[in-house]
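Derivation of every value follows stated rules applied to the coordinates shown; laboratory data play no part. Predicted, not measured: the structure shown is a model, and the values here were computed from it. Positions of Cβ are generated from backbone atoms using ideal geometry, with glycine treated the same way; all protein chains shown enter the neighbour counts.
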Amino acid sequence: MKKYRSTLFFIFVLFTLLVGACTPAEPATEAVGGDGGGSGVETEETMEEVTVTIGFTASTTGKYNVESTRQINGLRLWMNQVNDAGGITLADGTVVKFTDKFYDDESSTERVQELYTRLATEDKADFLISPYSSGLTDTSAVIAEQYGKVMITTGAASDSTYQKGYTRVFQTYTPASRYLTGALDLLAATDPDVKRIAIVHETDKFSTDVSTALNDYALSLGYEVVLFEGYASETTDFAPFLNKIQESAPDAIMGGGHFQDGSTFAKQLFEKELDVKFVAILVAPPEPTFAELGDAALGIIGPSQWEPLADFNAAAAEAAGMAFYGLSSAEFTAAYEAEYGESPSYHAAGGYIAGLLLQKAIEDAGSVDPDAVKAALDAVDVITFFGHMKFDTSPENHGLQIGHSMVYIQWQNPDALEKQVVWPAEGASAETLFPLP
Amino acid sequence: MDILAFLVDGLLIGFVYGLAAMGLTLIWGVMNVINLAHGPIIALGMFGVYLTFSSFGLHPYLALILVAVAGLLFGMLVYGVAISRVIDAPHLSSLLATFAVNMIIIGLATAQFSTTPRNVDISLGSLSIGPVTVLGTRVVAAVGAMLTTGALYLFLYRTRQGRYIRAVSNNRSAAELMGVPSSRILALSFGIGTMLAAVSGGLIATFFPFTVLSGGTYELKSFVIGVLGGLGNPIGALAGGLVLGMLEGVIPFFTSTAFVPVIEFVLFVVILLVRPQGLFGAKQ
C-alpha cells in the first residue's frame, strides 16, 4: 500500500512538473484571442505613445458565427493598418496605437452581458465595439452606458437601442426603420400600378422593427398590405407561409430576417412557383454565398449597408460638398481581399468603419479621453468608403445613425449570377429585373 | 378555400418528422436513455449527404445508404464509449453523457464547417394539381420515411435480433435470464436509433438548407412525437410525426403561425395528462 502511495505521489509530482513546463510564462486568460493585457491606456517609456484597448465580443460559435467573423475581420484589418502605419499621431505629438481584448459570446445574450461587464471592469477596455446583431448589441449597450464607456455599434440596426436615453452609444448602420423603405421606393419607381404587398418576417427584434417600419411606410404610400405575419427564428419549413401568401395573392413580397431563414425562404419560394413580381428580403441576398441557391436567387432584391460597387471616394464627396475621410471603397476591397482571400461583405465593411470612426474621433478630439472622444463623435459629419456618417444628437435618439443610407442589390444574369446595385437610382449599376422571372 | 394545400404540405413534412423521431423513441423505449445527441446526429446525417454529394458527386439518395451504415457504426461506437458505462446508473448520468456527446459533436462540427448554411442542390421538379403544388424531393422523402418505417417494423417483429430488442425493452433482466445478450442488443439498439436519425437528416438535407445547429429543431419535435406516439413503436412515431406535421400545416390556415408551438405544446401536456403512454403505446 505504501509503495502504491509512493508511486501515485511520484506520478502526481511528474504531472505537475509537466504541466508547469507546458504553461506559458504569461498569466493565463480566458480570452480566446487578442493580445491586450487589459491595462487600459498604457503610457509607455517615452510618455508620447499610448496604447488604447478596444474591447468587444465575437460570435466565434453559435448562429451568428458567419456574419460576426466577417465583422471582426474588418475591424482587425483597420487595426492592423493603423498599427502597421505607426499609429495615429495627435496634434500634441502623442502616438496612439491600438490593441484588442475579445471573447467568444457564443451568439448568446447571457454571455454578452457577462463578458461586456468583464471588458468594462476587469479588462479596463478604453472603448467598446458592439457584438453582431441588434439583440446582442442592445444588451451590450446597457453595460457600456452603465460604465461610461464609448461604444461604436456595428452589425446592429434596431432603432430602439438609441431611444433609451444613452449618451455614449453610436450607430454605424442605417437603422431598421429605414432598412427596407427604399425597396418600396424602388417598387413605386419601377411599377406604380403594383399595390398589393405581403410582409413576412422573422420575429426577432431587428426584423420586427424593420417590418413594422416598412408596414407603416407602405400604408402611408397607399399600398395594401395583404399579409403581415412573423415566423420563428428557427423556421425551416415555409410551406404554410407560402400557402398563406398564395391565398392573399400579393404582387410583391418583402420582409425576411437573417441569412439562414432568408435563403431558405427564397429557395422554397422558387420551388413553389408563386406568381409574384417583386421580392425584397433582408440580410441574405447581399451575401456572396446567396448565389449558391442558383436559379432561386435570380431576381431577389436585398438591402445592403455597403457594396463594393457603390464607390464612395474623395472625388464623390467633394462633388457633394462634403469632407471625405479614410480610404476609398476600392482600396478597402483590395486590402480585404489581400488579407482574407475573399470579397468583403457589408458585415466586414461594418467592422472596418467602426474602427475608422473611432480613429476619426480620436484625431478630432486630439485625445483618448472618453468625454473628448464622445464630443468628437457627436460632431462627426463625413463621407467615408462606407457612405455618409452622422449621428443624431437629440436626447430622444442620441447616437442613432442619420447620415447613412442603404443600397439595394439584385441578383441578375441567369447564365452567371452577379450582383447589381439597382437602387438608389444615382448609384445603380443596372436596370431592375422586373417582374421576377 | 384551399385547405388541401396546407394539409398536403403538412403531411409530407410529417413523414420526415416521424422518421426523425423514430430513432429517439427507439433508444428511449428500449434503453430508457434520453439521447440529447439526437439533434447533432441528425445534422451529421445532413452533412454526410452534403459532403458525399459535393465532394464525390454521389447522388444524394445513394449517399443515404452510406450515411445509414456510418450512422449505425457511429451509434454503436458512441454507445461503447459514452453510454455503456452509465446505462445502469441513475437517469441523470446517461442524460449528462449524451449531452456531452452533443456538445462534442457541435463543437467539432462548428470548428470544421462553421455555422454557414449548406444546401444540397438537387431538384426533382414539382407537381401541381389545382391549388396543391408538391415538390418531388418531399414526396421521395415521405416515401423513404414510409419504407424505413416498414423495414424497421419487419426487423423488430420478424427477426431474432428484433425480438431480442423488444424483449430487452420489456424486461431486461428476464431477457438476460433467457440468454439474450443484452449488452450487444443495447449497442445495436443505440446504433439503429442513430442510423435512423442520420438517415432522416440526410433526407431533410435534400429540401432544406441546413447548418451544424439545424438538428436541434428536429430533436425538440422528436420529444413531442415520442410523447404523442408512444415509445419504441415505429408506427407510433410515424403517426405522431404525421399529427405534428398536419398541425403545423393546417393551423396557419386558420390563425397566425405564432400559435403553432402553443397548440403543439398544449397537446403535448394534454396527452401527458390523459394518455401518458402515448396514442400508440401499450399501458405500462
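Mean-square fluctuations from a GNM of chain A, with a 10 angstrom spring cutoff on Cα atoms, peak among A:Pro370, A:Pro308, A:Pro395 at A:Pro395.
Hey, what D do you get for segment A:379-437 in µm²/s if you plug the Kirkwood alpha-carbon radius into Stokes-Einstein at 25 °C and 0.890 mPa s?
Values: Rh = 13.8 Å.
The calculation lands on 178 µm²/s.
Counting only other chain Cβ atoms within 10 Å of each residue's Cβ, the peptide A:240-248 averages 6.
Suppose R0 equals 35 Å. What FRET efficiency, 1/(1 + (r/R0)^6) with r the Cβ-Cβ distance, do B:Val139 and A:Ala416 give to the nearest 0.05? Result of the calculation: an efficiency of 0.65. Expressed in Å, the radius of gyration and Dmax of the Cα atoms of segment B:195-284 are 13.9, 40.
Diffusion coefficient (Stokes-Einstein, Kirkwood radius over C-alpha pairs, 20 °C, 1.002 mPa s) for segment A:255-305: 200 µm²/s, rounded to a whole number. For segment B:146-170, the residues whose amide N sits under 17 Å from a probe point set 7 Å from the Cα of B:Ile122 along the beta carbon direction are B:146-148.
Could you list B:Leu26, B:Leu244 in order of exposure, starting from the residue whose Cβ has the fewest other Cβ atoms within 10 Å? Don't skip to the end; give the middle numbers.
On the way: B:Leu26 29, B:Leu244 26.
By the 10 Å Cβ count, ascending, the order reads B:Leu244, B:Leu26.
At q = 0.08, 0.11 Å⁻¹, what log₁₀ I(q)/I(0) does a Debye calculation on the Cα points of the protein assembly as shown give, no solvent, two decimals? With one equal scatterer per Cα and no solvent, log10 I(q)/I(0) is -0.72, -1.18.
Classify segment A:170-308 as rounded, prolate or oblate, taking a ≥ b ≥ c as the square roots of the eigenvalues of its Cα gyration tensor: rounded when a/c is under 1.5, otherwise prolate if a/b is larger than b/c and oblate if not. The shape class here is rounded. Debye-formula intensities of segment A:326-437, expressed as log10 I(q)/I(0) at q = 0.23 Å⁻¹, are -1.29 (one equal scatterer per alpha-carbon, no solvent).
Please give the calculated 222 nm ellipticity per residue for chain A, where each DSSP H segment of at least 4 residues contributes -39500 (n - 2.57) and the sum is spread over every residue; nearest 500 deg cm²/dmol? Intermediate results must be reported in sequence, preceding the final value.
Numbers: 12 runs with 163 residues, N = 437.
The helix contribution divided over chain A gives -12000 deg cm²/dmol.
Using Cβ counts within 10 Å as a stand-in for footprinting exposure, how do A:Arg70, B:Arg160, B:Arg166 rank, fewest first?
Values: A:Arg70 24, B:Arg160 8, B:Arg166 15.
Least to most surrounded, the residues fall as B:Arg160, B:Arg166, A:Arg70.
Comparing B:Ile129, B:Ile204, B:Ile106 in a Gaussian network model of chain B (Cα springs below 10 Å), the most mobile by mean-square fluctuation is B:Ile129. Assuming charge only on the beta carbon of Lys and Arg (+1) and of Asp and Glu (-1), the dipole of segment B:63-186 about its Cα centre is about 320 debye to the nearest 20. GNM on chain B, alpha-carbon springs under 10 angstrom: the most fluctuating residue among B:Leu73, B:Leu267, B:Leu196 is B:Leu267.
Give me the percent of DSSP beta bridges within the protein assembly as shown that run antiparallel, rounded to the nearest 5. Intermediate values should be presented prior to the final figure.
Values: 25 of 61 bridges.
If we restrict to bridges inside the protein assembly as shown, about 40 percent are antiparallel.
Between amide H atoms placed 1.01 Å from N, distances below 5 Å from A:Gly403 occur with A:Lys390, all of them 5 or more places distant or on a separate chain. Over the C-alpha trace of segment B:71-127, radius of gyration and Dmax come out as 16.8, 52 angstrom. Take each residue in B:4-15, count the other chain C-beta atoms within 10 Å of its C-beta, and the mean is 3. Taking 7 Å steps out from each Cα toward its Cβ at B:Ala258 and A:Glu337 produces label points 4.5 nm apart. Rounded to the nearest 10 degrees, the angle from helix B:160-170 to the longest Cα principal axis of chain B is 80 degrees.
Given Cα positions, please report Rg to Rh for chain B, the hydrodynamic radius being the Kirkwood one. Provide the component values of the computation, followed by the final result.
On the way: Rg = 18.6 Å, Rh = 19.2 Å.
Expressed as Rg/Rh, it is 0.97.
Here the relative contact order of chain B, from alpha carbon pairs under 8 Å that lie six or more residues apart, stands at 40 percent.
Summary value for chain A: 16 percent relative contact order, contacts being C-alpha pairs under 8 angstrom separated by 6+ residues. Rg and Dmax of segment B:22-62, based on Cα coordinates, read 13.7, 40 Å.
Just want to confirm a number: the relative contact order over segment B:106-171, from Cα pairs under 8 angstrom separated by 6+ residues, in percent. Each step should come with its number before you reach the end.
Values: 24 pairs, mean separation 9.0, N = 66.
Contact order relative to length: 14 percent.
Between 0 and 90 degrees, rounded to the nearest ten: what's the tilt of helix A:65-84 against the longest Cα principal axis of chain A? Between helix and principal axis, roughly 60 degrees. What the phi angles of segment B:61-78 give under the Karplus curve with 6.51, -1.76 and 1.60, with θ = phi - 60°, is a coupling list of 6, 6, 4, 4, 5, 4, 4, 5, 5, 4, x, 4, 5, 5, x, 5, 5, 4 Hz, glycine and proline written as x.
Step through the table entries A:Lys149/A:Lys374; A:Lys63/B:Lys221; A:Lys101/A:Lys149; A:Lys97/A:Lys360, compare each Cα-Cα distance with 18 Å, and write down the pairs that go over it.
Details: A:Lys149/A:Lys374 9 Å; A:Lys63/B:Lys221 20 Å; A:Lys101/A:Lys149 15 Å; A:Lys97/A:Lys360 13 Å.
Pairs exceeding 18 Å: A:Lys63/B:Lys221.
Partner chain Cβ atoms within 10 Å, averaged over the residues of B:205-216 - can you pull that number for me? Can you show the working numbers first?
Values: counts 0, 0, 6, 7, 12, 3, 5, 2, 7, 3, 0, 1.
What the average comes to for B:205-216 is 4.
Counting Lys and Arg as +1 and Asp and Glu as -1, each charge on the Cβ, what is the dipole of the protein assembly as shown about the Cα centre in debye, to the nearest 20?
Values: 38 positive and 70 negative charges, 940 e Å.
That gives the protein assembly as shown a dipole magnitude of about 4520 debye.
Here is how the number arises for chain B: DSSP H runs of 4 or more residues each give -39500 (n - 2.57), the sum is divided by the residue count, and the result at 222 nm is -24500 deg cm²/dmol.
Using the Kirkwood radius over C-alpha pairs as Rh, can you work out the diffusion coefficient of segment A:75-215 via Stokes-Einstein at 25 °C, viscosity 0.890 mPa s, in µm² per second?
Values: Rh = 17.4 Å.
Rounded, D is 141 µm²/s.
Descending by average beta-carbon neighbour count within 10 Å, the peptides A:408-421, B:49-62, A:126-139 line up as A:126-139, A:408-421, B:49-62, the highest first. Ordered from longest to shortest, the equivalent ellipsoid semi-axes for segment A:87-127 are 30, 10, 7 Å, each the square root of 5 times a Cα gyration tensor eigenvalue.
Going by how many other beta carbons lie within 10 Å of each one, how would you line up A:Ile72, B:Ile251, A:Ile402, fewest first?
Details: A:Ile72 25, B:Ile251 21, A:Ile402 18.
Ordered from fewest to most neighbouring Cβ atoms within 10 Å, A:Ile72, B:Ile251, A:Ile402 come out as A:Ile402, B:Ile251, A:Ile72.
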